[in-house]
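Single-structure report; data block below.
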Protein chains: 4
Amino acid sequence: MDIGIVGGSGYGGAEMLRLLGGHPTFRVRTVAAGSNAGQTLASVFPHLAGSALADTVLAPSEADALAGCDLVFLATPHEVSMALTPALLDGGAAVVDLSGAFRLDVDTFEAAYRMPHTAPALAPAAYGLPELFRAETAGARLVASPGCYPTASLLALAPLAGLIDPCSVAIVGMSGTSGAGKSLRDDLHVTHAIANVGAYGAPMHRHGPEIARAWSSILGEAVPLTFVPHLVPMARGLVCTVTASLRAGTHTDQVHAAYTKAYADEPFVTVLSEGAWPQTAHVSGGNGAQVGFAIDATAGRVVASCAIDNLVKGAAGQALQSANLILGVPEGAGLTAAGTYP
Amino acid sequence: MDIGIVGGSGYGGAEMLRLLGGHPTFRVRTVAAGSNAGQTLASVFPHLAGSALADTVLAPSEADALAGCDLVFLATPHEVSMALTPALLDGGAAVVDLSGAFRLDVDTFEAAYRMPHTAPALAPAAYGLPELFRAETAGARLVASPGCYPTASLLALAPLAGLIDPCSVAIVGMSGTSGAGKSLRDDLHVTHAIANVGAYGAPMHRHGPEIARAWSSILGEAVPLTFVPHLVPMARGLVCTVTASLRAGTHTDQVHAAYTKAYADEPFVTVLSEGAWPQTAHVSGGNGAQVGFAIDATAGRVVASCAIDNLVKGAAGQALQSANLILGVPEGAGLTAAGTYP
Amino acid sequence: MDIGIVGGSGYGGAEMLRLLGGHPTFRVRTVAAGSNAGQTLASVFPHLAGSALADTVLAPSEADALAGCDLVFLATPHEVSMALTPALLDGGAAVVDLSGAFRLDVDTFEAAYRMPHTAPALAPAAYGLPELFRAETAGARLVASPGCYPTASLLALAPLAGLIDPCSVAIVGMSGTSGAGKSLRDDLHVTHAIANVGAYGAPMHRHGPEIARAWSSILGEAVPLTFVPHLVPMARGLVCTVTASLRAGTHTDQVHAAYTKAYADEPFVTVLSEGAWPQTAHVSGGNGAQVGFAIDATAGRVVASCAIDNLVKGAAGQALQSANLILGVPEGAGLTAAGTYP
Amino acid sequence: MDIGIVGGSGYGGAEMLRLLGGHPTFRVRTVAAGSNAGQTLASVFPHLAGSALADTVLAPSEADALAGCDLVFLATPHEVSMALTPALLDGGAAVVDLSGAFRLDVDTFEAAYRMPHTAPALAPAAYGLPELFRAETAGARLVASPGCYPTASLLALAPLAGLIDPCSVAIVGMSGTSGAGKSLRDDLHVTHAIANVGAYGAPMHRHGPEIARAWSSILGEAVPLTFVPHLVPMARGLVCTVTASLRAGTHTDQVHAAYTKAYADEPFVTVLSEGAWPQTAHVSGGNGAQVGFAIDATAGRVVASCAIDNLVKGAAGQALQSANLILGVPEGAGLTAAGTYP
């Protein structure tokens, strides 16, 4: 099957290229980029200098350049995704969008992203978190692939539905620096960031409403939650730690059973034994997620934490899971739970 | 004044030596250590090879070796602190203990530390967090210097008393690796830890009851809270981020006023403008704490975060603040809010 | 073809498992380990918790346990490699040894490794650096896979034969911490090593004579050289930078031509344009090597530098290249030059 | 004594402010900066938010603004140093310049820095490396404070004069990222640089001719050398490792005696026992230098290595040493060999 990638000069695009290089049936037909169009992949990504992709010339980010693709991954800014998607769908391609363009309803999008939605008929799209929303993903032509923080947060949180006070959820996220993108900023200068930890963006970070929407969807009622992201000094990896109040009378066994039931058949999610905590080093480079939990009996709360690689399960890997579902190949094709270690 | 340090071969002891080197009136009389007694400081700490302290021979960790000291810092394991403190006090020295031995009432200590308290008459001692408990610190002969997480947590949390639901507090901590000590463990091997983030120890980490006790003391009633620490890949620095439910009708202005009032006259605490978040890189090597906060109006919560250097304001620096108070010299002697940058 | 791995509980073994997971025709039949025999891979390597290999039980490091393997990778200590290899060869398996056991002649081995050689009839074996010694590798039943520093050093140095004074070579190496193995040591504690650089082991590091032997072999005469390794704070990646005196009258064009000629047909080696320098970040996770050089006309020297991933091209990846050659499958099967980025 | 700092918004200026804060007799009268003039120090340096300097307003980088200063530190670009120095000297101030403006003779400067020298009558100035050139430093009104790489290189190299072939010197440097300054560049983005090592700038890096000039000055004849710098992933710290051919018949004892003699009375230089290697973690934050060496008997070479903190002994600390000498206060005032650990 012929695949297109738009936004091939960012980290998400590079990771998608890496994963597709090992896919048994997908073939990369076109790699497109905005300002880097016309350049070779090796000139944009020095790590590709010796690879078979080195001399691939980046096409422009236009629907015509992607004609003939069965499926297109958009690793593009929100506004580019909104501009390209209608034409790509009209042209017959399925679309998996890694931006925030189609994850929210139009009103919430416009409030959180502070821009008008230019393809409102398509929002919200199917939410491509297969472990929680597999059916809607498999049947879609347009999938909004979740953000990195929402992926980890929801994998930790979803099994708790029915066991906790829905409005009591607070989430603290910790992300490696690749989550902040390639742009040059003082706070991302290596000398500042190499030994630094701090919160940022809270409480209005765009991933907050995205988590809240999916959580509300699981519950069947709209509930707010609080999300506070932090940047930590490593290139890859992300942890979200959730605290919530247990409903009176909830036992540890019920919590344990909920996690076990949720993920027993999920090859990419590992549930740790109670009190063992997930580590980003154990999922780096792979599509796996590790989930841990414990009960704080004194305070009547549950603590749950999930670790993923923000560029794989939090971006390119999960998008590939959705693409596999859409195109009817095995969901795990081209993906492994285990990545590189160390 | 003559000062003793016990536990001079750990990170806390090394940092204490560094700070005392710049103190105008304190003189280090004795440096003692357990298993390293008889060795020189340079053999234990290669960074001291070229310093005036290089040839100082470590005394044994015994009260007799510390005779003549006006004040002794204990940077020792809990059981050593319990064993030494009564004799040191009897000998006329004041004691600032950096271990957990005297921070809790005896029952809570024995539950959290899983050992019997061997000096129960002295626990709990004055809690040496001067910005919140200055009077009790200044008048004490024995001060329990707070843990690193409790220091950051309480500086972020204390001004919120009266504005939040007291039982709604959840705290997520992120500490640099020096907080885990010098012992050799698989999870502290550089190859594992250099690009890794994960929770640990929750929900039974010993600093949880310590934070709860001080928070309850501020409120005048016993309330539980949830605390989840994480290890992050940097040598120094610590952030605690607090979430709590605002009392109905609480306005941002009241929160802002509470922080301003609490710390307006505190030279070591800087309150950032709303929505700016503290960074560990900005307090590294110094005794300063930076505090930030924001209101999550949708969820009705306040988020507050505090960054410190875990070895300075979270350990040796704060202990020196207490010692200054006890001995009647200016509280900030030998200390600066600003450390090294970058 | 059926493959065995001995030493599957170290970093080299883990990386070999990762690479073999993507190999088109090799099948892992047995994974053996010394002290971890009887445990599952998931209990030794938490990153494998969610993988298909999780429940694989480690066999003992004995030849019988490996019966039926077409080829065995030894990622074992030198003494274990010496003990196992004769029986494995006798049993009909080919062997690719990642230890230092068979890289040197017996006398040099015994001086450098300070132990007697217990399989002297087999030393030295074919030296499995295909880009420089392909013919001897392809025809061997026992291959000594090169050390990480020698791989990078020789890829930078070999093309200069005939252009430089053979005795003028000095090499400075910089390795990520995974090169130091998993054992617990004070200098590998994360708090010490996370922001530290220093030399170690020089001038008697075992990789010095290994580089010298291969360099002498290329020249056809025995020449000494100086090698100084350094540890740098990252988990993976290795650079060796070579300086040597140019023969009088040597022009830049000749140096450039030598590198181009040496590696024009080598898919895993990229020669950068003069004055561009290789970066470990551009080869991390892949089997590629990047080589750069420049002429210091004032001093009459050439500077050449090579970057590799110490665990891939410097260990498991290169061993797989050799195995592919031995078993007659395409040399690059299961390998890519480009790894993960960032 | 009244001190001025120009370039107070860079890392060198920040470090100078930190050190002067602990100086017994120097008082900071004026802090000036170019594009940041008019701003407060706290707005430029968030780590100073809680310090006594927070509200200091940066003066413009003009000689008039510095009137009344007994001594001015210039932590400015080369062209600014050339422009300011004549007027400052005319106004009666002594000047310690941390830029490269006055370290070289005019011809070498113009070739290496690719700009005309606008104050040629003042170049070269006294070279402020007190351990090697104390007399000329103490008697100067203008001191060129050495670069970071030259400081470490020369401390390792100088004692070898007379024992080695003067033309056989090759130096490999490894610097933390603060040496590259605050400017935003792709290669200094944290996500690229946090786990990366590579050479840069060789063989024409400006510090090469600076090292060669001082080395030639020590020898009394002009000799070339080769210098290859590398960037390593840590904020602070620098190692230079030197290799050189020993003169025939030179014994280890002579090398050991040369180092001992050179630094026996130098409080800031520690000579390690043969075969022990200096580590940047042991000098971080302090003005100390650690030097190690070993003989490679096979190759007839000596290896010597020196570790410093690039911002202290490699910049602000060494400049303060020179200032102390010029103004006749104890050379070590305001300085300690030991810094922060860990």
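The values are calculated or read from the model by the stated rules, or taken from the named source; none is laboratory data. In this text, all values refer to a predicted model and were calculated from it rather than measured experimentally. Positions of Cβ are backbone-derived with ideal geometry, glycine not excepted, and every protein chain shown enters the neighbour counts.
This table checks each residue for (1) in contact with a Gly (Cβ under 9 Å, 6 or more places away or on another chain); (2) hydroxyl-bearing (Ser, Thr, Tyr).
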| site | (1), (2) |
| --- | --- |
| C:Val6 | yes, no |
| C:Ala14 | yes, no |
| C:Arg29 | yes, no |
| C:Ala32 | yes, no |
| C:Leu48 | no, no |
| C:Ser51 | yes, yes |
| C:Ala67 | yes, no |
Of the criteria (1) surrounded by fewer than 24 Cβ atoms within 10 Å (Cβ to Cβ); (2) more than 24 Å from C:Thr336 (Cβ to Cβ), which one A:Thr76 fails: (1)
Which residues, counting only those in the range C:246-272, are surrounded by fewer than 22 Cβ atoms within 10 Å (Cβ to Cβ), within 14 Å of chain D (Cβ to nearest Cβ) and not in a helix (DSSP H, G or I)? C:Ala248, C:Leu272
Might you check whether a residue that is on the phi < 0 side of the Ramachandran plot, touching a His at 6+ places or on another chain (Cβ under 7 Å) and among the β-branched types (Val, Ile, Thr) occurs anywhere in the range B:100-114? yes
State the number of residues belonging to the range D:1-59 that are assigned to a loop (DSSP other than H, G, I, E, B) and away from chain B (no Cβ under 14 Å). 11
Quick one: in the range C:280-295, which of the residues that are among the β-branched types (Val, Ile, Thr) and within 8 Å of chain D (Cβ to nearest Cβ) is farthest from C:Leu163 (Cα to Cα)? C:Thr280
Meets criteria (touching a Phe, Trp or Tyr at 6+ places or on another chain (Cβ under 6 Å) and not aliphatic (A, V, I, L, M)) for D:Gly173: yes
Any residue that is within 30 Å of C:His189 (Cβ to Cβ), in a loop (DSSP other than H, G, I, E, B) and within 11 Å of chain D (Cβ to nearest Cβ) - is there at least one of those in the range B:311-322? yes
Would you check which residues across the range D:146-184 are within 14 Å of chain A (Cβ to nearest Cβ), crowded, with 22+ Cβ neighbours inside 10 Å and hydroxyl-bearing (Ser, Thr, Tyr) and list them? D:Ser175, D:Thr177, D:Ser178
Selected residue [aliphatic (A, V, I, L, M), surrounded by fewer than 24 Cβ atoms within 10 Å (Cβ to Cβ), more than 26 Å from A:Ala54 (Cα to Cα) and more than 7 Å from every other protein chain (Cβ to nearest Cβ)] from C:Val242, C:Val223: C:Val223
Which residue, of B:Thr76, B:Thr108, B:Thr118, is in contact (Cβ under 8 Å) with a residue 24 or more places away in the chain and within 14 Å of another protein chain (Cβ to nearest Cβ)? B:Thr108
Is the range B:81-95 home to any residue that is buried (at least 24 other Cβ atoms within 10 Å of the Cβ), among the aliphatic types (A, V, I, L, M), within 19 Å of the chain's Cα centre (by Cα) and modelled with pLDDT of 95 or more? yes
Among the numbered criteria (1) in contact (Cβ under 8 Å) with a residue 24 or more places away in the chain; (2) closer than 27 Å to C:Ala135 by Cβ; (3) within 14 Å of chain A (Cβ to nearest Cβ), which single criterion is violated by C:Trp277? (2)
Residues of the range A:60-81 that turn out to be assigned to a loop (DSSP other than H, G, I, E, B) and of a type in the set (Ser, Thr, Tyr), as a count: 2
Can you tell which of B:Thr298, B:Thr260, B:Thr250 is closer than 17 Å to B:Ala161 by Cβ and without any contact (Cβ under 8 Å) to a residue 40 or more places away in the chain? B:Thr260
Which residues, counting only those in the range A:309-335, are out of contact with any Pro (no Cβ under 7 Å at 6 or more places or on another chain) and buried (at least 24 other Cβ atoms within 10 Å of the Cβ)? A:Asp309, A:Asn310, A:Leu311, A:Val312, A:Lys313, A:Gly314, A:Ala315, A:Ala316, A:Gly317, A:Ala319, A:Leu320, A:Ala323
Residues within the range B:187-220 that are facing another protein chain (nearest Cβ under 7 Å) and without any contact (Cβ under 8 Å) to a residue 40 or more places away in the chain, tallied: 14
Can A:Ala101 be described as in a loop (DSSP other than H, G, I, E, B) and within 19 Å of A:Arg206 (Cα to Cα)? yes
Of (1) within 11 Å of chain B (Cβ to nearest Cβ); (2) in a helix (DSSP H, G or I); (3) buried (at least 24 other Cβ atoms within 10 Å of the Cβ), A:Arg236 fails just (2)
Within the range A:297-308, take every residue that is surrounded by fewer than 22 Cβ atoms within 10 Å (Cβ to Cβ) and at negative phi and give me the one that is nearest to the other protein chains (Cβ to nearest Cβ). A:Thr298
